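The values are calculated or read from the model by the stated rules, or taken from the named source; none is laboratory data. Keep in mind it's a predicted model, so treat the numbers as computed, not measured. Here the Cβ positions follow ideal geometry from the backbone for every residue, glycine too, while neighbour counts run over all protein chains shown. Protein only, heavy atoms only, side chains kept; ligands, DNA and RNA dropped before computing areas. Shrake-Rupley method; radii C 1.70, N 1.55, O 1.52, S 1.80 Å.
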Amino acid sequence: MSDLVTGDAVVLGLRPARLPSRALAILLDLAVYVTAYGLIGVGLTFSTASLDSAAQAAIAVASFLLLLVGIPIAVETLSHGRSLGKLACGLRVVRDDGGPIRFRHALVRGALGVVELLLTFGTVAAIASLVSARGRRLGDVFAGTLVVRERVPGARVMPVPAPPPWLAGRFTQLDLSAVPDGLWLAIRQYLTRMNQLDPQVGAAMAARLADDLVARTGAPPPAGVPAAAYLMAVVHERQSRDAARAFHAAAAAAASPVPPVAPVPPVASGFGPVPAAGPAPAPAPTPYAAPAPVAPTAPVEAPRAGGFAPPA
C-alpha cells in the first residue's frame, strides 16, 4: 500500500497496480485501438486511391497520430484515467496526491507512451515498472501520475469464537441493556483478532474489556471464569437474544390475523331518491380514573468494579 499525503495532511492508502495487471490493460487498449486503426486505414486506402503518394502518406501519418496517440489522450482525459482496458482490469490513473488527472497529465503519458510502449514494444515501460517501487513507467514519472487498483477485495468478517461448553446458558439472566454499542464493537474486534495478539497484551485487553462489561451490567464477575471466555459467553448470549427476538417478531407478523372487512351497505336500485344517513351516535363518555400513587423508588447502587486482573 502506498502512503500518499494530500495537501490537507491526509494519508491516502492507495494500492499501486503491478506490472501484470497494467500489461493486460495496455494490451486490451492496444487491441481496440489497432483494430480501429486497421478498419479506418482500409477505408482511407480506398477513399484516397486517386491521390498522389505524398497525400496518402500524410493522411496515414495523421490517422496514426490521431488514433494511437490522440484518442488515448482524449479517453484518459474525459474518463479521468479509466480507459477501456483499465476499466476491465479495475485500474485507474490518478495524480501523485490521489486526485483525478487532467489533460496535461494524459498528454505527457500519451506522448511518452509512443516511445516506451509502441516503438520499443513495451520493453522500456516494463523495465521502468519493475525498477519503480510503485510500478510507474516513465510516462507516470514525468507526468506525476500513478496507476492504482480500484477494485480491492474486501476484508472477510471473522466469526466470534464459541465459548466453552460449560458456560452455555450461564448468563441468561444478565441485563445487557446498559452496554453501549461501542463496547460491543470493541469486544467483537478483540475476540476476532485475539489469536493474532501477543499473549500478555491480549490477556490485558481481555481483562480491561471484561471489567468494563461487568461495570455496565452491574453483576459481579463470575468466579473462576477467564476474561476471554467470559466475553465470548456474553457476546453469544446477546447474539442468541437478538436471533430469538427477530424470530419471534417474524412469527408474530406471519401469524397476525387479517382484520375483517366491514360489510358494504346495499345500494338502492332504480331511480328513486337514496335515503340520507342519520347522524352517527356519539361515543359513550369514559369515566375519569384518578392516577395511582407512585411508590418511591430505592436508590440505584453504583456498579461495582470487576474482578478481572491481567497477568503479572
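Would it be correct to say that R149 is touching a strand residue (DSSP E or B) at 6+ places or on another chain (Cβ under 9 Å), under 30 Å from R95 (Cα atoms), open to solvent by 70 Å² or more (accessible area, probe 1.4 Å) and at pLDDT 85 or above?
yes
In the range 21-65, how many residues are over 22 Å from A125 (Cα atoms) and assigned to a helix (DSSP H, G or I)?
24
Answer with yes or no whether L84 is hydrophobic (A, V, I, L, M, F, W, C) and out of contact with any strand residue (DSSP E or B) (no Cβ under 9 Å at 6 or more places or on another chain).
Answer is yes for this residue.
Within the range 155-189, which residues are open to solvent by less than 70 Å² (accessible area, probe 1.4 Å), part of a loop (DSSP other than H, G, I, E, B) and within 15 Å of V214 (Cβ to Cβ)?
F171, L174, L176, A178, V179, P180
List the pairs whose first member sits in the range 27-49 and is without any contact (Cβ under 8 Å) to a residue 12 or more places away in the chain, whose second member is of a type in the set (A, V, I, L, M) and open to solvent by less than 70 Å² (accessible area, probe 1.4 Å), and whose Cβ atoms are under 7 Å apart, counting only residues at least 6 apart or on separate chains?
If the second residue must be of a type in the set (A, V, I, L, M) and open to solvent by less than 70 Å² (accessible area, probe 1.4 Å), the pairs left are T48/A55; T48/I59.
Any idea which residue in the range 97-124 is surrounded by the most Cβ atoms within 10 Å (Cβ to Cβ), counting only those that are part of a helix (DSSP H, G or I) and without any contact (Cβ under 8 Å) to a residue 24 or more places away in the chain?
Result: E116.
Has the range 190-200 got any residue that is of a type outside the set (F, W, Y), surrounded by 15 or more Cβ atoms within 10 Å (Cβ to Cβ) and assigned to a helix (DSSP H, G or I)?
yes
Give the residue, chosen from L107, L119, L138, that is under 17 Å from F64 (Cα atoms) and at pLDDT 90 or above.
Matching residue, one of L107, L119, L138: L107.
If you check D211 against the conditions, is it open to solvent by less than 20 Å² (accessible area, probe 1.4 Å) and in a helix (DSSP H, G or I)?
When the stated conditions are applied, D211 does not pass them.
Quick test for you: out of A60, A23, A17, pick the one residue that is in contact with a Leu (Cβ under 6 Å, 6 or more places away or on another chain) and either under 16 Å from A111 (Cα atoms) or open to solvent by less than 80 Å² (accessible area, probe 1.4 Å) (or both).
The conditions single out A17.
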